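Student: I am attaching a structure below and will ask some questions about it afterwards.
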Amino acid sequence: MDKFQGLDACQNLVSKQLLELKDAKQEYLDDMEDSENYRDRYIEMCSRVYLKIRETVAPTETEKRSFKLPKIEFKKFSGEAKDFLAFWSQFQKIHNDKSIAEEDKMQYYYNPWNRNRKQND
């Protein structure tokens, strides 16, 4: 249980006890107002902290490197099961590289298929 939940549980107990007392209506209302103000401040501060963290973390996550694609000669798949692993590992390595933009990955994927199609025409 985090601190906020603990404070909320305590507040509920205090409110319950105040309701059981005679002539404590105004004290109950004041306590509830103070509790709501504190809760609002807590939520506001948590939101600010969350936004600050996102501001500092987001640029590194979305930062993309800009570079020229190196000439890679993809191995052609012969249809033999023994050649498939080498063929597939080329595509998997590019797919798992988070530093390469999605558009650049598509160029890597597209080029060998396009080249093979031109040779067959």
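The values are calculated or read from the model by the stated rules, or taken from the named source; none is laboratory data. Because the structure is a prediction, the values reported are computed rather than measured. No Cβ is skipped: glycine too gets one built from the backbone with ideal geometry, and neighbour counts run over all protein chains shown.
Student: Taking the residues in region 17-43 that are surrounded by fewer than 10 Cβ atoms within 10 Å (Cβ to Cβ) and at negative phi as candidates, determine which candidate is modelled with the lowest pLDDT.
Tutor: Residues of region 17-43 that are surrounded by fewer than 10 Cβ atoms within 10 Å (Cβ to Cβ), as a first pass: 20, 22-23, 26.
After this cut, where a residue has to be at negative phi as well, the list is 20, 22, 26.
On the way: Glu20: 86, Lys22: 82, Gln26: 87.
Within region 17-43, the match that is modelled with the lowest pLDDT is Lys22.
Student: Moving to a separate point now. If I ask for residues that are more than 20 Å from Asp40 (Cβ to Cβ) and polar (S, T, N, Q), which ones from region 5-24 would you list? Spell out the reasoning first.
Tutor: Taking region 5-24 as the starting set, the residues that turn out to be more than 20 Å from Asp40 (Cβ to Cβ) are 13, 16-24.
Correct list: Gln17 only.
Student: Same structure again: For region 78-96, does any single residue satisfy the condition of being modelled with pLDDT under 75, among the acidic types (Asp, Glu) and either within 30 Å of Phe4 (Cα to Cα) or part of a loop (DSSP other than H, G, I, E, B) (or both)?
Tutor: No, region 78-96 has no match at all.
Student: May I pose another question? With respect to Asp8, is the statement that it is in a helix (DSSP H, G or I), surrounded by 11 or more Cβ atoms within 10 Å (Cβ to Cβ) and modelled with pLDDT under 85 true? Talk me through it step by step, then tell me what you get.
Tutor: Values: in a helix (DSSP H, G or I): yes; surrounded by 11 or more Cβ atoms within 10 Å (Cβ to Cβ): yes; modelled with pLDDT under 85: yes.
Yes; evaluated as a whole, the condition is true for this residue.
Student: Could you tell me which numbered condition Thr56 fails, if it satisfies all but one of (1) at pLDDT 80 or above; (2) surrounded by fewer than 11 Cβ atoms within 10 Å (Cβ to Cβ); (3) of a type in the set (S, T, N, Q)?
Tutor: Here Thr56 clears every test but (1).
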